[in-house]
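Undergrad: Got a structure for you, questions after.
The values are calculated or read from the model by the stated rules, or taken from the named source; none is laboratory data. For clarity, every value in this text was computed on a predicted model and none was experimentally measured. Methodologically, a virtual Cβ is constructed for each residue, glycine included, from the backbone with ideal geometry; neighbour enumeration extends over all protein chains shown.
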Amino acid sequence: EAQVTQNPRYLITVTGKKLTVTCSQNMNHEYMSWYRQDPGLGLRQIYYSMNVEVTDKGDVPEGYKVSRKEKRNFPLILESPSPNQTSLYFCASSTPFTGRLVNEQFFGPGTRLTVL
Amino acid sequence: AQTVTQSQPEMSVQEAETVTLSCTYDTSESDYYLFWYKQPPSRQMILVIRQEAYKQQNATENRFSVNFQKAAKSFSLKISDSQLGDAAMYFCAYRRGGYIFGTGTRLKVLA
């Protein structure tokens, strides 16, 4: 089954304690992305990756790191979490933009993070 | 920079009736994609419908259809014969390279 998996699904942590949210896809997609969802703000892109070893900042990258060492994995790292990073996080993947072939984005189930 | 605007934070519709959710976007590109995603209480993001900008014909998926007005940069979603299971948050999204999402419209379906 084609899917994007994220772990953990729920996480409560304290300020300053480093954490990693894993993301993995089994569709051989080149493009992967992380979003955070906050009430009234929709989904905002944190980081994205066009392929292995190619990552770039989205709209709200401050306080986050990513890496793309393998095509299937795209972990999100919070080196020193703060309460304003309390949010719902989504990982997603898709094929690259090609201009003529519609390519939807497949989403993981989401990770609810609370930073105390 | 591209932007996506959903001006209706919340909408209500009576069961079996029709409702239209609005979305406008700003871009200088001619080739791009537009999507509507549904997010039910489970929080899973579900693709509802997609539209290629180069196609003039409006996309349709069963009870869901769009009104794509490229010149006006408008991409509204029409839900016909609304069902209780349609109650969700709906996000409009634009893609040219990366994805940009609107802030969402919460749809309530009244029995």
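Undergrad: So, B:Glu52, is that one more than 9 Å from every other protein chain (Cβ to nearest Cβ) and closer than 26 Å to A:Asn51 by Cβ or not? Steps first, answer last, please.
TA: Numbers: more than 9 Å from every other protein chain (Cβ to nearest Cβ): no; closer than 26 Å to A:Asn51 by Cβ: yes.
Against the criterion (more than 9 Å from every other protein chain (Cβ to nearest Cβ) and closer than 26 Å to A:Asn51 by Cβ), B:Glu52 does not qualify.
Undergrad: Would you be able to say whether some residue in segment B:59-67 is closer than 23 Å to A:Asp38 by Cα and either within 14 Å of chain A (Cβ to nearest Cβ) or under 11 Å from the mean Cα position of the chain (by Cα) (or both)?
TA: Going residue by residue through segment B:59-67, those that are closer than 23 Å to A:Asp38 by Cα are none.
So far as segment B:59-67 goes, no, none of its residues is closer than 23 Å to A:Asp38 by Cα and either within 14 Å of chain A (Cβ to nearest Cβ) or under 11 Å from the mean Cα position of the chain (by Cα) (or both).
Undergrad: Out of A:Gly40, A:Gly108, A:Gly99, A:Gly58, which single residue is within 11 Å of chain B (Cβ to nearest Cβ), modelled with pLDDT of 95 or more and closer than 25 Å to B:Leu34 by Cα?
TA: Details: A:Gly40 fails: modelled with pLDDT of 95 or more; A:Gly99 fails: modelled with pLDDT of 95 or more; A:Gly58 fails: modelled with pLDDT of 95 or more.
Result of the check over A:Gly40, A:Gly108, A:Gly99, A:Gly58: A:Gly108.
Undergrad: Could you grab me the full set of residues in segment A:26-52 that are of a type in the set (Asp, Glu) and either touching a residue at least 60 places away in the same chain (Cβ under 8 Å) or closer than 17 Å to B:Gly98 by Cα (or both)?
TA: Initial filter on segment A:26-52 (of a type in the set (Asp, Glu)): A:30, A:38.
Once the filter is applied, which keeps residues that are of a type in the set (Asp, Glu) and either touching a residue at least 60 places away in the same chain (Cβ under 8 Å) or closer than 17 Å to B:Gly98 by Cα (or both), segment A:26-52 yields only A:Glu30.
Undergrad: Please return the ranges of strands (runs of 3 or more DSSP E) entirely within segment A:12-114 where 1 or more residues are small (Gly, Ala, Ser). Steps first, answer last, please.
TA: Values: elements: A:19-25, A:31-38, A:42-51, A:54-57, A:76-78, A:87-94.
In segment A:12-114, A:19-25, A:31-38, A:42-51, A:87-94 are the strands (runs of 3 or more DSSP E) which contain 1 or more residues that are small (Gly, Ala, Ser).
Undergrad: Within segment B:81-101, can you find the residues that are at the interface with chain A (Cβ under 7 Å from one of its Cβ atoms) and either in a strand (DSSP E or B) or at pLDDT 95 or above (or both)? Walk me through it before giving the result.
TA: Taking segment B:81-101 first, the residues at the interface with chain A (Cβ under 7 Å from one of its Cβ atoms) are B:91, B:95-99, B:101.
The answer is B:Phe91, B:Arg95, B:Arg96, B:Gly98, B:Tyr99, B:Phe101.
Undergrad: Just wondering, is there one or more residues in segment A:5-12 that are free of Cβ contacts under 8 Å to residues at least 12 places away in the same chain, among the charged types (D, E, K, R) and surrounded by fewer than 14 Cβ atoms within 10 Å (Cβ to Cβ)?
TA: At the first step, the residues of segment A:5-12 found to be free of Cβ contacts under 8 Å to residues at least 12 places away in the same chain are none.
Taking every residue of segment A:5-12 in turn, none turns out to be free of Cβ contacts under 8 Å to residues at least 12 places away in the same chain, among the charged types (D, E, K, R) and surrounded by fewer than 14 Cβ atoms within 10 Å (Cβ to Cβ).
Undergrad: Of all residues being at negative phi and in contact with a strand residue (DSSP E or B) (Cβ under 7 Å, 6 or more places away or on another chain) in segment B:33-43, which is surrounded by the fewest Cβ atoms within 10 Å (Cβ to Cβ)? Just the residue, please.
TA: B:Pro40
Undergrad: Going by the structure shown, is A:Lys69 surrounded by fewer than 20 Cβ atoms within 10 Å (Cβ to Cβ) and modelled with pLDDT of 95 or more?
TA: Considered against the rule, which asks whether it is surrounded by fewer than 20 Cβ atoms within 10 Å (Cβ to Cβ) and modelled with pLDDT of 95 or more, A:Lys69 comes out as yes.
Undergrad: Taking segment A:15-31 as the search range and keeping residues that are among the hydrophobic types (A, V, I, L, M, F, W, C) and modelled with pLDDT of 95 or more, which one is surrounded by the fewest Cβ atoms within 10 Å (Cβ to Cβ)? Steps first, answer last, please.
TA: Within segment A:15-31, the subset among the hydrophobic types (A, V, I, L, M, F, W, C) is A:19, A:21, A:23, A:27.
Subset that is modelled with pLDDT of 95 or more: A:19, A:21, A:23.
Values: A:Leu19: 16, A:Val21: 21, A:Cys23: 25.
Result: A:Leu19.
Undergrad: Return yes or no: is A:Ser82 touching a residue at least 40 places away in the same chain (Cβ under 8 Å), surrounded by fewer than 14 Cβ atoms within 10 Å (Cβ to Cβ) and polar (S, T, N, Q)? Quick ask: steps written out before the conclusion?
TA: Working: touching a residue at least 40 places away in the same chain (Cβ under 8 Å): yes; surrounded by fewer than 14 Cβ atoms within 10 Å (Cβ to Cβ): yes; polar (S, T, N, Q): yes.
Against the criterion (touching a residue at least 40 places away in the same chain (Cβ under 8 Å), surrounded by fewer than 14 Cβ atoms within 10 Å (Cβ to Cβ) and polar (S, T, N, Q)), A:Ser82 qualifies.
Undergrad: If you take just the strands (runs of 3 or more DSSP E) that sit entirely in segment B:1-66, which of them hold at least 3 residues that are over 24 Å from A:Tyr89 (Cβ atoms)? Write out each step before concluding.
TA: Numbers: elements: B:3-5, B:10-14, B:19-21, B:24-26, B:33-39, B:46-52.
Counting at least 3 such residues, we get B:10-14, B:19-21, B:24-26, B:46-52.
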